[in-house]
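Report on the following structure.
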Amino acid sequence: MDISSTQLRVLVVEDCTDTAETLRFLLDLWGHNVRVAHSGHSALVLAPLFQPDVVLLDIGLPGPDGFQVARKLKDASLPEMPVLIATTGYDGAAIRRQAREVGFDHFLPKPVDLAHLRAVVEGVRSVVRV
């Protein structure tokens, strides 16, 4: 199977409906199987069922924030740990350091640069077993 045809399971966790749906639409257009969760709680319920390869996770969620969700995903007994991509309107050395410490693999400040997002996702696609 050609790497470019490998469909990833991508979980978008974003409380802003417009942003979530835009990301869902683009990732779907790029050939991925996408689910959306609008809260940290729903992401934690959906992740074990969906078993995502990639999680785009907004840090500034109400309720459990993205840092708390990332920690819980790391502690969950998922068959394979998904690649965690922080998406956030916050930026700076301190928040990037905290994201790294929690276990995020990538950090994308908002508004998300779509070319950068696609490159990150394609990088994941290239290492996923077919």
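The values are calculated or read from the model by the stated rules, or taken from the named source; none is laboratory data. Given the structure is predicted, the values throughout are model-derived calculations rather than measurements. So basically every Cβ, Gly included, is an ideal-geometry build from the backbone, and we count neighbours across all protein chains shown.
Some notes on this structure:
- Only a single item in (1) surrounded by 14 or more Cβ atoms within 10 Å (Cβ to Cβ); (2) within 14 Å of the chain's Cα centre (by Cα); (3) at pLDDT 95 or above is not met by P64, and it is number (2).
- In segment 67-107, of all residues being touching a residue at least 40 places away in the same chain (Cβ under 8 Å) and more than 10 Å from the chain's Cα centre (by Cα), the one that is farthest from L23 (Cα to Cα) corresponds to A99.
- Lone unmet requirement of (1) touching a Pro at 6+ places or on another chain (Cβ under 6 Å); (2) loosely packed, with under 12 Cβ neighbours inside 10 Å for R97: (1)
- Residue list for segment 67-77, filter: among the hydrophobic types (A, V, I, L, M, F, W, C) and either surrounded by fewer than 14 Cβ atoms within 10 Å (Cβ to Cβ) or at positive phi (or both): A76
- E80 meets all of the listed conditions (1) exposed (fewer than 13 other Cβ atoms within 10 Å of the Cβ); (2) under 20 Å from R24 (Cβ atoms) but one, namely (2).
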